[in-house]
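Q: Let me give you the structure first, and then I'll get to my questions.
The values are calculated or read from the model by the stated rules, or taken from the named source; none is laboratory data. All of these numbers come straight from a predicted model, not from anything done at the bench. Here Cβ is always computed from backbone atoms with ideal geometry, including for glycine, and neighbour counts include all displayed protein chains. Just so you know, the surface numbers come from the protein's heavy atoms only, side chains and all, with ligands and any DNA or RNA stripped out. Shrake-Rupley method; radii C 1.70, N 1.55, O 1.52, S 1.80 Å.
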Amino acid sequence: MKTSSFHIVPLPTKIADAARRGVSAAAADHALITVDSPGSSPCRHCLRWAQPGERVILFPYAAIPSGQPYSETGPIFVHANDCQRYSATNEYPTEFRNGRVFRAYDSNYKIIDAEIVDGSEPEAVLQSLFQNPDTAFVDVRSATHGCFTFRVQRA
Ligand SMILES: [Zn+2]
């Protein structure tokens with residue numbers, strides 16, 4: 001499978017660490033949660049599902065910055081304890097091959113295309129979206145909950 005056409009961008013470590021400081025400071029928009037069911041809380045930093053018993057922080061993240069018509073802030077999870085940022089950036093994360101929606105944006109943060117990925121090959125869908133020269137990046141979100149999962153950029 002060709003994977004050289006894209007580059008996975010997990011949540012930056014500085015944002016995960018800021019969320020950890022936020023929950024320590026009892027920020028009103030940061031919640032500390034103990035996961036009780038598998039497949040419910042994806043960590044955007046290590047790009048793995050949190051396991052039952054693990055603690056996660058739920059907080060709002062501006063995947064598309066303010067000041068745009070397509071601005072979007074929504075809830076995401078990160079592990080409460082330090083975890084290793086996803087590093088296999090030329091490989092699509094195995095735990096998120098299904099139940100995702102891919103939104104293609106241009107360089108002005110405008111949504112120009114979108115595809116549901118559930119049972120199809122995510123690499124092939126990414127390759128197809130990046131064939132459009134206007135596609136600057138693709139945001140991967142939960143198809144059901146709509147929450148931002150990670151970003152994909154051109155390699
Ligand atoms: Zn994690």
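Q: At 7 Å along Cα-to-Cβ for each site, give me the label-to-label distance between E123 and A155 in nm.
A: 1.0 nm
Q: What do you get for the angle between helix 13-24 and the principal long axis of the chain? Use alpha-carbon atoms, 0 to 90 degrees, nearest ten.
A: The angle comes out at about 30 degrees.
Q: Given Cα positions, please report Rg to Rh for the chain, the hydrodynamic radius being the Kirkwood one.
A: On the Cα set of the chain, Rg over Rh gives 0.96.
Q: For region 58-106, taking Cα atoms only, what is the radius of gyration to one decimal and the Dmax to the nearest whole Å?
A: In order Rg, Dmax, the Cα atoms of region 58-106 give 13.6, 35 Å.
Q: Using Cα pairs under 8 angstrom and six or more residues apart, how large is the relative contact order of region 21-145, in percent?
A: Taking the mean separation of contacting Cα pairs over the length of region 21-145, I get 18 percent.
Q: Would you calculate a helix-derived [θ] at 222 nm for the chain, using -39,500 (n - 2.57) for each DSSP H run of n ≥ 4 and dividing by the full residue count, to the nearest 500?
A: The per-residue figure over the chain is -4000 deg cm²/dmol.
Q: While we're here: How large, in percent, is the carbon and sulfur part of the accessible surface of the chain at a probe radius of 1.4 Å?
A: C and S fraction of accessible area: 48 percent.
Q: Here's a follow-up. If you roll a 1.4 Å probe over the heavy atoms of the protein chains, what accessible area per residue do you get for the chain, in Å²?
A: With the other protein chains kept in place, the chain gives 51 Å² per residue.
Q: Another question, if that's okay. Choose one of F130, I112, P75: the residue whose Cα lies farthest towards the positive end of the charge dipole of region 45-141 (beta-carbon charges +1 Lys, Arg; -1 Asp, Glu; about the Cα centre).
A: Ranked along the dipole, the leading option is P75.
Q: In whole angstrom, how far apart do the alpha carbon centroids of region 45-69 and region 76-125 sit?
A: 13 Å
Q: Evaluate the charge dipole of region 27-155 about its Cα centre and quote only its size in Debye, nearest 20, assuming +1 on the Cβ of each Lys and Arg and -1 on the Cβ of each Asp and Glu.
A: Charge dipole, region 27-155, about its Cα centre: 200 debye, nearest 20.
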